[in-house]
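Just below is one structure, and these are the notes that go with it.
What follows draws every value from the coordinates through simple rules; no lab data is involved. Predicted, not measured: the structure shown is a model, and the values here were computed from it. Positions of Cβ are backbone-derived with ideal geometry, glycine not excepted, and every protein chain shown enters the neighbour counts.
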Amino acid sequence: MNRSVTSVPPPAKRSSSILTKAACAPHTVWTVLFIVAPLLFVCYYAFTTEDGTLTLENITALGEHTDTFILSVCMSVIATVLCLLIGYPLAYCISKCGPRTQKVLIMLLMLPMWMNLLIRTYSMMAILDDGGFLNHILSALGFGELHIVGTAPAVIFGMVYNFLPYMVMPIHSVISKLDKRYIEAASDLGCNGFRTLTRVILPLSASGIISGVTMVFVPSISTFYISQKLGGGTFDMIGDTIERQFQNPSTYNVGAAISLVMMILILISMAVMNRFSDDEGTVIV
């Protein structure tokens with residue numbers, strides 16, 4: 001009996017594996033040096049004293065900053081909700097425009113982001129200050145001047161102004177890619193515009209909402225420059241406290257403990273949001 005033997009060349013797994021490792025090496029080094037190592041340093045200083053002795057005093061000292069944590073979380077939540085209330089209709093309206101108009105509107109939305117955060121915040125100070133551009137216009141129109149800088153609304157406004165594009169972009173990206181047949185089917189089944197928005201578009205754009213909320217809440221709770229300039233130094237947020245603690249060598253370890261708690265809060269919020277974003281939006285007509 002004759003048997004035909006077919007020779008199969010060995011797969012080039014070894015060479016592809018070497019190339020894959022070589023391509024991943026720069027990213028791995030970057031992650032270790034600038035993400036993992038700083039986190040380990042923060043954990044080390046959070047549980048040690050100035051002379052390197054292990055201690056829990058830095059953690060117990062966090063009770064003195066409870067009001068700061070509560071204030072930061074509350075203001076961040078308010079700023080995130082405002083960004084969502086403003087950003088979702090804006091993203092929806094942009095997605096309804098033509099392709100060329102969408103590009104122009106997106107460019108105008110992202111144009112302030114080309115400038116540094118410090119410059120944008122200083123520009124808001126020049127507009128909202130007691131002798132700023134806004135009060136000059138109000139005085140010219142016969143209205144009284146408004147004291148804005150140094151108040152909580154000024155800090156929240158600064159967060160919304162700086163982080164609004166982070167809410168609009170992911171929502172717009174999801175809405176612009178929605179299958180138009182879902183909307184047509186909802187219309188054929190008798191849904192009006194409002195029911196189509198709440199029963200079809202909102203559930204299908206849930207992933208964009210979750211991404212936008214995460215991208216706004218995380219920088220809002222960790223911000224410090226906006227609260228310093230627009231808050232006039234009257235609002236002590238987590239970022240301000242950490243900066244002040246790290247400026248003094250005697251409180252360096254307490255600042256690391258506060259940073260550790262803030263990182264845990266951010267990780268918890270991201271985990272909760274990712275948990276809800278795991279379930280894809282379902283259409284309920």
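If amide hydrogens are placed 1.01 Å from N in the peptide plane, which non-local residues have theirs closer than 5 Å to the one on G132?
Those qualifying (amide H under 5 Å, at least 5 residues apart or on another chain) number zero.
For a quick check: with amide H placed at 1.01 Å from N, whose amide H comes under 5 Å from T48's, ignoring anything fewer than 5 positions away on the same chain?
Amide H neighbours of T48, under 5 Å, 5+ apart: T55.
Can you tell me how much longer the chain between M107 and I59 gets when fully stretched, taken as 0.36 nm per residue apart minus their C-alpha distance, in nm with one decimal?
Extending this stretch completely gives an extra 12.8 nm.
Could you calculate the contour length gain from S187 to V29, that is, 0.36 nm times the residue separation minus the distance between their Cα atoms, to one decimal place in nm?
51.6 nm
May I ask you to compute the full-extension gain from M125 to V77, defined as 0.36 nm times their residue separation minus their alpha-carbon distance, rounded to one decimal in nm?
15.0 nm
Positive end of the dipole of the range 68-277, charges at C-beta (+1 Lys, Arg; -1 Asp, Glu), about the Cα centre: which of T151, V218, P89 has its Cα farthest in that direction?
The listed residue farthest towards the positive side: P89.
Among P170, I242, L260, which residue has its Cα furthest toward the positive end of the charge dipole of the range 163-280, with +1 on Lys/Arg Cβ and -1 on Asp/Glu Cβ?
Value: P170.
Grab the beta carbon distance between A22 and W114, set R0 = 22 Å, and tell me the FRET efficiency rounded to 0.05.
Efficiency for this residue pair is about 0.05.
Ordered by residue, what ³J(HN,Hα) values in Hz, to whole numbers, does the range 234-245 give under the Karplus form 6.51 cos²θ - 1.76 cosθ + 1.60, where θ = phi - 60° and Gly and Pro are x?
Those phi angles translate into 8, 10, 9, 9, 4, x, 5, 5, 5, 4, 5, 5 Hz.
Once both labels are modelled 7 Å past Cα along the beta-carbon direction, what's the F143-M270 spacing in nm?
4.1 nm
Taking all pairs of different Cα atoms in the range 68-277, averaging 1/r and flipping that mean, what Kirkwood radius in angstroms comes out?
One decimal place: 19.2 Å for the Kirkwood radius.
Taking the Cα centre of each part, how many Å lie between the range 177-255 and the range 61-75?
So the separation of the two Cα centres works out to 19 Å.
Can you tell me which of R120, R100, R195 moves the most in a GNM of the chain? Springs connect C-alpha atoms under 10 Å apart.
Residue with maximal mean-square fluctuation among R120, R100, R195: R100.
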